[in-house]
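Below is one structure; the comments refer to it alone.
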Amino acid sequence: MSSIRTLRTFLAVARLGTFTAAGAEVGLTAAAVGLRMRALEQELGQTLFDRGPRAVVLNPTARAMLPRVEQLVQAYEALADSDNDGALAGTVVVGALVSALMGAFADALRAVKRDNPRLNVRIFAGLSSDFVARVERGELDAAVVTRPPHDLHAGLRWTELYTEPMVLIVPRQPQFELPAQPLPALRQAPFIRFDRHTWTGLLVDEALRGCAVRARDEMELNSVEAIVEIVRQGFGVSIVPRLANVNWRGDRALRVLELPGGQVLRRVGLIERASHARGGFTEAIKRHRYVAVEAAQRRR
């Protein structure tokens, strides 16, 4: 009978399309993956792949069995999802915006790890748009992303965890002439823009439209942290999400101002497949955020 490793390798080949790419994911050479897949075909008595010089494609037989193989692997992985006392255990692979690790998600992750010491969380940093495809392919169990600007496929779901207002940040010691009021500052100062092709970049565009401002773009980056540091050094102004775990009030190098055109929120949430083996972890993250929001509301 095929081992769970063989089935995982089959899923990797199905998802990535080559023995080389699948081998890199599961820790085997391309030749070893090929041998493992031939052994699976011999055991099942069926050909599973149409093999080409550069890629392998699942044939109709393999495509028909793919959902059942995914269910088997998920069921096996679920055995390691908790230990005898109900605590979460095993390894969870999560994608996260770097800024989310400086935001409220970090608090939830810290609490879940504290309550489940046998849980191992592997985190990959990146962009929201990349994470959606990786979650859909099963490379990630879940990801913390900005709310997608478009509808998701039916097999995915997104749950809002928290919101961050977009704010205007300006340097306290600018290396240029900085008007005192926010609107003139946005119009006249060098603007450090978040990558306009990202989902957060779309929110920056929305904020600028709300202010009826066409900014003087000076630089364009895809890192909130890098943008904040450039503003601190006095090279420009910017619009960024107000991250939860940053000491904005105590920052002696920059000022944080509300947007003059009205509040724009960055909504950050958890994206996951509708059915997956690490549901215990994602539910724990969501429960923590709901409790934190209720506590904050009671303090008001």
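Structure above, values below:
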{"quantity": "Any pair with Cβ under 6 angstrom, 6 or more apart, that starts in the stretch 277-296 at a residue that is modelled with pLDDT of 75 or more and ends at one that is in a loop (DSSP other than H, G, I, E, B) and not hydrophobic (A, V, I, L, M, F, W, C)", "calculated": "Arg278/Asp141; Gly280/Asp81"}
{"quantity": "Test for Arg249: is it more than 24 Å from Ile271 (Cβ to Cβ) and modelled with pLDDT of 95 or more", "calculated": "no"}
{"quantity": "Residue satisfying condition, being modelled with pLDDT under 85 and surrounded by 13 or more Cβ atoms within 10 Å (Cβ to Cβ), within set Ala12, Ala21, Ala87", "calculated": "Ala87"}
{"quantity": "In the stretch 36-54, the residues that are outside any loop (DSSP other than H, G, I, E, B) and either at pLDDT 90 or above or in contact with a strand residue (DSSP E or B) (Cβ under 6 Å, 6 or more places away or on another chain) (or both)", "calculated": "Arg36, Met37, Arg38, Ala39, Leu40, Glu41, Gln42, Glu43, Leu44, Phe49, Asp50"}
{"quantity": "Among the residues listed as Leu243, Leu270, Leu257, the single one being modelled with pLDDT of 90 or more and out of contact with any Lys or Arg (no Cβ under 9 Å at 6 or more places or on another chain)", "calculated": "Leu257"}
{"quantity": "Residue list for the stretch 247-281, restricted to those being among the polar types (S, T, N, Q) and either in a helix (DSSP H, G or I) or under 30 Å from Val112 (Cα atoms) (or both)", "calculated": "Asn247, Ser275"}
{"quantity": "Residue in the stretch 123-144 that is of a type in the set (Val, Ile, Thr), in the same structural domain as Lys286 (by TED's automatic domain parsing) and assigned to a strand (DSSP E or B) present", "calculated": "yes"}
{"quantity": "Residues of the stretch 156-170 classified as more than 17 Å from the chain's Cα centre (by Cα) and surrounded by fewer than 17 Cβ atoms within 10 Å (Cβ to Cβ), total", "calculated": "1"}
{"quantity": "Of all residues making up the stretch 192-244, the number that are under 27 Å from the mean Cα position of the chain (by Cα), of a type in the set (A, V, I, L, M, F, W, C) and farther than 19 Å from Val256 by Cα", "calculated": "4"}
{"quantity": "Filter result for the condition that a residue is assigned to a strand (DSSP E or B) and hydrophobic (A, V, I, L, M, F, W, C), over Val33, Val57", "calculated": "Val57"}
{"quantity": "Count of residues meeting criterion [among the hydrophobic types (A, V, I, L, M, F, W, C) and part of a strand (DSSP E or B)] in the stretch 93-122", "calculated": "5"}
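The values are calculated or read from the model by the stated rules, or taken from the named source; none is laboratory data. Keep in mind it's a predicted model, so treat the numbers as computed, not measured. Using ideal geometry, Cβ is built from the backbone for each residue, glycine included, and neighbour counts are taken over all protein chains shown.
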